[in-house]
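I have placed the structure first, in the form of structure tokens, so that the comments after it can refer back to it.
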Amino acid sequence: MIYRSQQLALRYFAASMVLFGVMIAAGLLTSLYYLRVGFLLDVFHFSTAKILHIDTLVLWLLMGFLGSVYWFLPLELEREVEWVGLAQKAFWIFVGTVAAVA
């Protein structure tokens, strides 16, 4: 049996995998700036790619940790976590904020 909070944890894990992909892509893009001077110079600047890489690293870890909490907490409590509906709303607000900022 999977709890509602564990279903929410799966969403957190999926979002963290998307952020991991963005982090890898931004890191590869940043490394291309070192290999090819002037690569996408007027389109996407080095400082933007560097900040995107570092910020998605922090958010990726945060989403993974939150997913882990929502996965393991009902197993430790042996019951459903209270206020899961509010936690789901907070997840969508968090995802929307990250998408708007990134």
Search region 33-65 for residues being open to solvent by less than 60 Å² (accessible area, probe 1.4 Å) and among the aliphatic types (A, V, I, L, M), and hand back the single one that is farthest from the chain's Cα centre (by Cα). 49
Among all residue pairs at least 6 apart or on different chains, which show Cβ distances below 8 Å where the first residue, located in region 51-66, is within 18 Å of residue 90 (Cβ to Cβ) and the second is open to solvent by 60 Å² or more (accessible area, probe 1.4 Å)? 60/20; 63/13; 64/13
Pairs returned, first residue in region 77-102 that is touching a residue at least 12 places away in the same chain (Cβ under 8 Å) and farther than 15 Å from residue 11 by Cβ, second residue that is in a helix (DSSP H, G or I) and polar (S, T, N, Q), beta-carbon separation under 8 angstrom, 6 or more apart or interchain, are 80/5; 102/56
Number of positions in region 36-67 that are modelled with pLDDT under 85 and out of contact with any Ser or Thr (no Cβ under 9 Å at 6 or more places or on another chain): 12
Of 90, 99, which residue is of a type in the set (Gly, Ala, Ser), surrounded by fewer than 16 Cβ atoms within 10 Å (Cβ to Cβ) and farther than 23 Å from residue 25 by Cα? 90
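The values are calculated or read from the model by the stated rules, or taken from the named source; none is laboratory data. Bear in mind that the values here come from a model prediction, so they are computed numbers and not experimental data. Ideal geometry is used to build each Cβ from the backbone, glycine not excepted, and the neighbour counts take in all protein chains shown. To get the accessible areas, we keep the full protein, side chains included, count just its heavy atoms, and leave off ligands, DNA and RNA. Shrake-Rupley method; radii C 1.70, N 1.55, O 1.52, S 1.80 Å.
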